[in-house]
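These notes are about the structure you will find just below.
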Amino acid sequence: MRLPRFRYVLGLVLALCLALPPTAQAHAPAPLGGGSVLQNSASSRCTAGFAAVSGNTGYLIASTACGQPGDTIRSAGRVVGVVVAAQVPPTGAIVIRVTNTTDWRLVASIPPTNSRVTITGAAEAAVGASVCKYGSTTGWRCGTIQGKNQTITFPWGTLTGLTRTSVCAEPGDNGGPFVSGTQAQGVLVGGSGNCSSGGTTYFVPVNRVLSAYGLSILAGAS
């Protein structure tokens, strides 16, 4: 009888199969959202504002400091997606469609790792309310909302409908999210001063961007 030899060969095949690593566990997408560090094709660094969705498609809202329509946006050297929209006349905000869902998954927490805030909505806070900003350079900085519907002329153009705050910022923070509690407020588009001597910052209200492009803020559980 030669059946035992066949049993040994079958055992060898099973041993080899069990030794192969499972491909399903080879890669897990990293969290991406408000506070993520972004780079455009010119290697300029900025901060993502908020994650948003339309149907099954994910987006990031950021400032024009992050890029212009058609630009490919990266984070940590990996492609995130493409800038698909910037309003005319300009608001200071852009929308990035997330095309790389193999490397990234959108989250509502800010920042995406070691988060302190999970966005639950986008209710607009009043003048005098406390507001905090997260930037990739300065981290969390807080202050108050000082005024709304501000018109400010920057070196690249004049923006209207901005909100003024007493929160400081520094280069690299551009595009970063402003929150009041767990409510999304807006994305940083400019300001003056710094975080050593103090400063003034301006953000474009996030609801203005969401409405213009038919997006919904990505929200999570508080």
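Debye-formula intensities of the stretch 101-161, expressed as log10 I(q)/I(0) at q = 0.20, 0.21, 0.30 Å⁻¹, are -1.03, -1.07, -1.20 (one equal scatterer per alpha-carbon, no solvent).
Summarising the amide proton neighbourhood of GLY58: residues at separation of 5 or more, or on other chains, whose placed amide H is nearer than 5 Å comprise VAL98. Taking label positions 7 Å along the Cα-Cβ direction at both ASN194 and VAL37, the computed distance is 1.9 nm, reported to one decimal. Computed extension gain for THR72 through THR151, at 0.36 nm per residue and net of the alpha carbon distance, reaches 25.5 nm. Computed from the Kirkwood radius of its Cα pairs, the Stokes-Einstein diffusion coefficient for the chain at 4 °C and 1.567 mPa s stands at 70 µm²/s. Amide H contacts for PHE50 (H built 1.01 Å from N in the peptide plane; partners 5 or more residues away or on another chain; cut-off under 5 Å): ILE61.
Rounded to two decimals, what is the ratio between the C-alpha radius of gyration of the stretch 28-145 and 2.2 N^0.38 Å? Walk me through the numbers on the way to the answer.
Values: Rg = 14.1 Å, N = 118, 2.2 N^0.38 = 13.5 Å.
Its radius of gyration relative to the 2.2 N^0.38 Å reference: 1.04.
The distance from the alpha carbon centre of the stretch 141-180 to that of the stretch 82-128 is 16 Å, rounded to a whole number. Its DSSP H runs of at least 4 residues, each contributing -39,500 (n - 2.57), put the calculated 222 nm mean residue ellipticity of the chain at -3500 deg cm²/dmol, to the nearest 500.
Read the figures in this text as sums done on the coordinates, not as results from a lab. Since the structure is predicted, the reported quantities are computational estimates derived from the model, not experimental observations. Glycine also receives a Cβ, built like all others from the backbone with ideal geometry; neighbour counts cover every protein chain displayed.
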